[in-house]
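Report on the structure given below.
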């Protein structure tokens, strides 16, 4: 296996919070139809352009006391949370998967963080991100054919089968739900995200992804119900993307779950 130089890995970790800052901007702008690459960052309330100190990941937020230095309006805590999550994902990935595979999974983690943040806010999983993840997963699976020293543990046929099966399963479940309940329950964005999980983990990893996603969603709903002292109702909207992202992350890092049948 090809191992990146230690200095390069250290640089990756230093850059991770800055990448998280970009992910926070992406999560804010993309659902609003704005490019994350165009225009300087500004306060959403008063429009003042942020300076270099404001843009320092986590530290800029702390330095301003979590408020805009011009108008004093509170800045969303999502920004430092996403920056720290990007760093945590990078550290986690390179510790579990040393070598270039850890770097690849860093990229997966950053995509999943952005998708989870957008879905939590807007109940939306943009095609630009989910389909890019599908493409990257499929590309990794064929990389070993072109460069044997960079072989990915998932074979191309398993990655392609996983992508197709992941999309088909949730698409069918969504259609059945709509037919029974008369309303949407699972969107095509969830199906495309599960397709991305299959492309990265292979069809063998899909049962684990779905199980982790379902159990974590139920656990969160139960914890929120206990905290608010209100039982969840069947019509309450639930973003499933963050739980699919968690399942995808764990299965890609640690491999498919073993089920003893």
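The values are calculated or read from the model by the stated rules, or taken from the named source; none is laboratory data. Worth saying up front: this structure is predicted, and the values here are computed from it rather than measured. Glycine also receives a Cβ, built like all others from the backbone with ideal geometry; neighbour counts cover every protein chain displayed.
Can you name the condition, by its number, that residue 178 falls short on among (1) within 16 Å of residue 248 (Cα to Cα); (2) more than 17 Å from the chain's Cα centre (by Cα); (3) surrounded by fewer than 16 Cβ atoms within 10 Å (Cβ to Cβ)?
Exception for residue 178: condition (1).
Residues 151, 191, 139, 197: which one is crowded, with 20+ Cβ neighbours inside 10 Å, under 22 Å from residue 105 (Cβ atoms) and assigned by TED's automatic domain parsing to the domain that holds residue 257?
Among 151, 191, 139, 197, only 197 is crowded, with 20+ Cβ neighbours inside 10 Å, under 22 Å from residue 105 (Cβ atoms) and assigned by TED's automatic domain parsing to the domain that holds residue 257.
Show the residue pairs that are 6+ apart or on different chains and have beta-carbon atoms under 7 Å apart, the first residue being within region 166-186 and outside the structural domain of residue 248 (by TED's automatic domain parsing) and in contact (Cβ under 8 Å) with a residue 60 or more places away in the chain, the second being surrounded by fewer than 17 Cβ atoms within 10 Å (Cβ to Cβ) and outside any helix (DSSP H, G or I).
Cβ pairs passing all conditions: none.
Only residues that are part of a loop (DSSP other than H, G, I, E, B), in contact with a helix residue (DSSP H, G or I) (Cβ under 9 Å, 6 or more places away or on another chain) and surrounded by 12 or more Cβ atoms within 10 Å (Cβ to Cβ): list them for region 52-68, please.
54, 55, 56, 57, 58, 66 - these are the residues of region 52-68 that are part of a loop (DSSP other than H, G, I, E, B), in contact with a helix residue (DSSP H, G or I) (Cβ under 9 Å, 6 or more places away or on another chain) and surrounded by 12 or more Cβ atoms within 10 Å (Cβ to Cβ).
Condition (residue is within 13 Å of the chain's Cα centre (by Cα), closer than 18 Å to residue 27 by Cβ and in contact (Cβ under 8 Å) with a residue 12 or more places away in the chain) applied to region 54-61: is it met by at least one residue?
Among the residues of region 54-61, not one is within 13 Å of the chain's Cα centre (by Cα), closer than 18 Å to residue 27 by Cβ and in contact (Cβ under 8 Å) with a residue 12 or more places away in the chain, which makes the answer no.
Quick one: which residue in 93, 88 is assigned to a helix (DSSP H, G or I), modelled with pLDDT of 95 or more and under 18 Å from residue 58 (Cα atoms)?
On inspection, the qualifying residue turns out to be 88.
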